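Inspection log for the structure reproduced underneath, given as structure tokens.
Every read-out reported here was derived from the displayed coordinates using simple, explicitly stated rules and does not represent laboratory data. What you see is a predicted model, and the numbers here were worked out from it, not measured in a lab. Using ideal geometry, Cβ is built from the backbone for each residue, glycine included, and neighbour counts are taken over all protein chains shown.
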Amino acid sequence: MNYRHAFHAGNFADVLKHVVLVALIDQLAKKAAPIFFMDTHAGRGTYPVDAIEMQRTGEFRAGIVPLLAASAPPPAAARYLEIVRRLGVEDGKLLAYPGSPLIALEALRPQDRAVFSELEHESAVALKRGLGRDARAQVHERDGYEALLALIPPPEKRGLVLIDPPYESPDEFERLLETLLAAHTRFAGGVYAVWFPIKHGDAAGRFLERMAATGIRRQLIVELCVQRDDSPVGLNGAGLLIVNPPWQLDERLAQAIPWLHSTLAPAGRGRARISWHVPE
Ligand SMILES: C[S@@+](CC[C@H](N)C(=O)[O-])C[C@H]1O[C@@H](n2cnc3c(N)ncnc32)[C@H](O)[C@@H]1O
């Protein structure tokens, strides 16, 4: 396990994921009943901007930094930016970029519950420290796929699962697919949001084709590319596949995703889309 999220925290792919995460929670929170949130690959929770890793790649400068400076963000992006400001900005300066656990807890309500699994020891320890005494949250230093299957269906019966693996192992898509199928069998009403990278070679496209063939209904795709899909450079884009998206999630994101694209790819390279991969 070599992946270190600190190199990529706050980049265009991270901000896409977190805008969608906040919108998912907000749409689910329109009903008062408690929500169970699970983040299978949680990371360390907070990423100080002066850390060597963040400074070395500088990826956040083409992600969260231009968003914080942009005017008139659409509502779903404004809500996400308000959370980032609350957690990581002081006197107008970005000090730390928050990870998915802190962002989710900020959007969740007192009656909700959150479970975070993180396999890498140091990150799990940092996450526990960062969460402090939030009684809604639990951290498991454990494989995220295993933890997910052990913990669902949740007693709350309403659940959102974020699956955000590092994709450093060649069989990641395979494990993801197997786990999603098993999870859907156990908890068919759960909302599953899977982050995936878009790179030259189209591994993501093959994964999406296989997901369409599973028979699972209601799959929505949200994608943001800042390069052409087949550019050999590296990470050209990122997407989320959402199974069972809450009502009106697509409408909530309809302005925010094109706005992310126009703000983060000013030369117009790449693309943005929200589309039903498998309908009702
Ligand atoms: C992309 S990062 C997570 C970022 C985080 N979700 C966020 O949005 O802030 C992936 C994380 O998964 C962890 N990881 C790798 N393999 C894992 C596994 N099998 N189970 C749980 N965590 C794992 C890595 O240590 C890394 O912190």
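Applied to the stretch 104-121, the Karplus parametrisation 6.51 cos²θ - 1.76 cosθ + 1.60 on θ = phi - 60° returns per-residue 3J(HN,Hα) values of 5, 5, 5, 8, 6, 9, x, 7, 8, 9, 9, 10, 10, 10, 8, 7, 7, 4 Hz, with x for Gly and Pro. Specify the inter-centroid distance of the stretch 135-161 and the stretch 58-115, based on alpha-carbon positions, in whole Å. Each part reduced to its Cα centre gives a spacing of 24 Å.
Under the rule a/c < 1.5 gives rounded, and otherwise a/b versus b/c splits prolate from oblate, where does the stretch 1-103 land using the Cα gyration tensor? Here the stretch 1-103 falls in the oblate category. Between the amide H of Val161 and those of Met38, Val191, Tyr192, Ala193, distances stay under 5 Å, these residues lying 5 or more places away or on another chain, with hydrogens modeled in the peptide plane. Between Gly237 and Ile198, Val226, the built amide H atoms are under 5 Å apart, and every one of these is 5 or more places off in sequence or on another chain. Per residue, the average separation of C-alpha pairs within less than 8 Å and at least 6 apart gives the stretch 5-278 a relative contact order of 23 percent. The H on the amide N of His277, modeled in the peptide plane, is under 5 Å from the matching H of Gln219, Leu220, Ile221, each at least 5 residues off or on a different chain. Mean residue ellipticity, 222 nm, helices only, the chain: the sum of -39500 (n - 2.57) across DSSP H runs of n ≥ 4, divided by residue count and rounded to 500, is -11500 deg cm²/dmol.
Taking Cα atoms of the chain, Rg/Rh with Kirkwood Rh, to two decimals? Present the calculation step by step, with values, prior to reporting the outcome.
On the way: Rg = 17.3 Å, Rh = 18.7 Å.
With Rg and the Kirkwood Rh in hand, the quotient comes to 0.92.
In the stretch 177-280, the ratio of gyration radius to Kirkwood radius, Rg to Rh, stands at 0.99 when only Cα atoms are counted. For the chain, the number of Lys pairs separated by eight or more positions or lying on different chains, with C-alpha atoms closer than 21 Å, is 4. Stretched out straight at 0.36 nm per residue, the stretch from Gln111 to Tyr3 would grow longer than its current Cα-Cα span by 35.5 nm. Sequence-ordered 3J(HN,Hα) estimates for the stretch 193-209 from the Karplus curve with 6.51, -1.76 and 1.60 and θ = phi - 60° stand at 10, 10, 7, 9, x, 10, 9, 4, x, 6, 4, 5, x, 5, 4, 5, 4 Hz, glycine and proline given as x. In terms of its C-alpha gyration tensor, the stretch 75-153 comes out prolate, because a/c is 1.5 or above and the ratio a/b outweighs b/c.
Spin-label model, Lys157 to Ala213: label points 7 Å out along the Cα-to-beta-carbon direction sit 3.6 nm apart. So if we plug the beta-carbon distance of Thr57 and Asp134 into 1/(1 + (r/R0)^6) with R0 = 30 Å, what FRET efficiency do we get, rounded to 0.05? Efficiency, from the Cβ-Cβ distance: 0.50.
A straight chain from Asp202 to Ala188 at 0.36 nm per residue would run longer than the Cα-Cα distance by 2.2 nm.
Note down the net charge around Asp229, summing +1 for each Lys or Arg and -1 for each Asp or Glu among other residues with Cβ under 12 Å from its Cβ.
On the way: positive: Lys199, Arg228, Arg269, Arg271, Arg273; negative: Asp202, Glu223, Asp230.
After counting each charged neighbour, the total is +2.
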